[in-house]
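Colleague: I'd like to ask some things about the structure below.
The values are calculated or read from the model by the stated rules, or taken from the named source; none is laboratory data. Small disclaimer: the values here were computed from a predicted structure and weren't measured. Backbone-built Cβ (ideal geometry, glycine too); neighbour counts: all protein chains shown. Just the protein is used for accessible areas: all its heavy atoms, side chains included, with ligands, DNA and RNA removed. Shrake-Rupley method; radii C 1.70, N 1.55, O 1.52, S 1.80 Å.
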Amino acid sequence: LLKSGVLEGEIINEVYEAITDMIVSICIYINENKRSHNMDLLGEIYRHLNENYTNSTICIAEISQNVGVTPNYLSQFFKEQTEESIMVYINKMRINKAKEILKYSQDNLETIAKKVGYTNDAILIRAFKKLEGITPGQYRQACRRITEWTKSDFGTDYIIYRQLYLKDDVKIRHDSYK
């Protein structure tokens, strides 16, 4: 009888270990699929934003419908994954594109605003100043000063080098080149 009880205890322990191992395996599988799903969804959101950020009517409802989730889930998911809201991300995309246009074109602010998804230049100026700390006009002037300075002091090779390696995320302050 005692031998039978010991065997039953061993069998129970073996079953318990087998079930525990199975549960751990299931949890690992679920987490891997969740990460994969999250990356797929985030990639789909980024793709949609990259293709549509210049649309001035872009909104969370439209984005969520396009990627197949609810607006609330989309907002929460994006914020959890990126630590910023979708609208902040869209504004950053627009401002980065505006900076590129300001550096390399003579387009006026109204035209640039429309190209990057703002309905008018006042909204562009407000968003630009909020994110960059200076107005688009001040940014353009600073870029011109850098180009003029590098042309006169270093020649064309340095300008090409500077344009390739100068990071856009470095804020150029208007008064720093006076």
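Colleague: From the P(r) of the range 89-138, could you give the percentage of C-alpha pairs in the tail past 17 Å?
Modeller: Taking all Cα-Cα pairs of the range 89-138, the fraction more than 17 Å apart is 17 percent.
Colleague: Further, regarding this structure: Is any residue of the range 46-66 close enough, with backbone N under 19 Å, to a label point placed 7 angstrom from the Cα of ASN120 along the Cα-Cβ axis, and if so, which?
Modeller: 55-58
Colleague: Then there is this: Here are some pairs, LYS92/LYS115; LYS79/LYS114; LYS92/LYS129; LYS79/LYS103; which of them have Cα atoms lying more than 23 Å apart in this structure? Show your work: numbers first, answer last.
Modeller: Values: LYS92/LYS115 14 Å; LYS79/LYS114 27 Å; LYS92/LYS129 12 Å; LYS79/LYS103 31 Å.
Pairs exceeding the cut-off: LYS79/LYS114; LYS79/LYS103.
Colleague: If I model a spin label at LYS92 and THR70 as a point 7 Å from the Cα along the Cα→Cβ vector, what separation in nanometres do I get?
Modeller: 2.7 nm
Colleague: On to the next question. Given 0.36 nm per residue, what is the gain on full extension from SER56 to TYR104 after removing their alpha carbon distance, in nm?
Modeller: Details: separation 48, 0.36 × 48 = 17.28 nm, distance 2.28 nm.
Residue separation times 0.36 nm, minus the Cα-Cα distance, leaves 15.0 nm.
Colleague: For the range 96-103, in order, what is each residue's ³J(HN,Hα) by Karplus, 6.51 cos²θ - 1.76 cosθ + 1.60 with θ = phi - 60°, in whole Hz (x at glycine and Pro)?
Modeller: Each residue's phi maps through the Karplus curve to give 4, 5, 4, 4, 4, 5, 4, 5 Hz.
Colleague: Right, another one. Ignoring ligands, DNA and RNA, what percent of the 1.4 Å accessible area of the range 1-143 is carbon and sulfur?
Modeller: Numbers: 5100 of 9050 Å².
Roughly 56 percent of what the probe reaches on the range 1-143 is carbon or sulfur.
Colleague: Follow-up question, since we're still on this one. If I model a spin label at GLU83 and ILE30 as a point 7 Å from the Cα along the Cα→Cβ vector, what separation in nanometres do I get?
Modeller: 2.8 nm
Colleague: Once you treat every alpha carbon in the range 18-145 as an equal point and sum by Debye, what is log10 I(q)/I(0) at q = 0.11, 0.12, 0.19 Å⁻¹?
Modeller: Scattering profile of the range 18-145, log10 relative to I(0): -0.50, -0.57, -1.02.
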